[in-house]
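The values are calculated or read from the model by the stated rules, or taken from the named source; none is laboratory data. These numbers were taken from a predicted model, which means no experiment stands behind them. In this analysis, Cβ positions are derived from the backbone assuming ideal geometry, glycine residues included, and neighbour counts consider all displayed protein chains.
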Amino acid sequence: MGLGINKDLEPLARRVKRMGGTVEITRRNHVRWVLPDGTVLRTGLTMHDTTARQRIRAIESALSRGDAAALSQLVQLGDDGKYVIVDARSLKPVRNANGYSSTFGTEAAARRHMRNAS
């Protein structure tokens, strides 16, 4: 289930994904981190240089100050093939003021909406 990255980065990558971010390995042996608040950081696959350590601390810092709204909502793929924002506890769609759940064509669009709404 691993990403194929350094064992020191695996727990951090899982934590970023649980909180709604993404972690991708680029073709150039780097890791692209998109944090739940939309911040994009890049690190190497290894942890040997000081820049990578600084980036890891920046990621951990950003995750530790994550707001409660972002942690209480998730993006899921609905039955109709569209992405829906759901409550993390009940897994029911979050409804707007008119009583409808918002659907999105891409996961990125749903995450942007979640960030802008909070």
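Values for this structure:
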item: Answer residue from the range 34-47, given it is within 19 Å of residue 110 (Cβ to Cβ) and hydrophobic (A, V, I, L, M, F, W, C) and is surrounded by the fewest Cβ atoms within 10 Å (Cβ to Cβ) among those; result: 40
item: Close pairs from the range 37-59: first closer than 19 Å to residue 20 by Cα, partner modelled with pLDDT of 75 or more and of a type in the set (S, T, N, Q), Cβ under 7 Å, at least 6 apart; result: 55/43; 56/43
item: Checking residue 33 against (1) at pLDDT below 80; (2) closer than 24 Å to residue 7 by Cα, the condition it does not meet; result: (1)
item: Filtered residues of the range 92-117 (kept if loosely packed, with under 10 Cβ neighbours inside 10 Å and either touching a residue at least 60 places away in the same chain (Cβ under 8 Å) or not in a loop (DSSP other than H, G, I, E, B) (or both)); result: 116
item: Given (1) of a type in the set (D, E, K, R); (2) at pLDDT 80 or above; (3) not assigned by TED's automatic domain parsing to the domain that holds residue 108, index of the condition residue 95 fails; result: (3)
item: Single residue of 57, 65 found to be within 15 Å of the chain's Cα centre (by Cα), surrounded by fewer than 13 Cβ atoms within 10 Å (Cβ to Cβ) and either of a type outside the set (Val, Ile, Thr) or modelled with pLDDT under 80 (or both); result: 65
item: The range 77-91, residues that are modelled with pLDDT under 85 and in a loop (DSSP other than H, G, I, E, B); result: 78, 79, 88, 89, 90, 91
item: First in the range 13-31 and under 27 Å from residue 88 (Cα atoms), second anywhere and exposed (fewer than 14 other Cβ atoms within 10 Å of the Cβ) and polar (S, T, N, Q), Cβ under 9 Å, 6 or more apart; result: 21/39
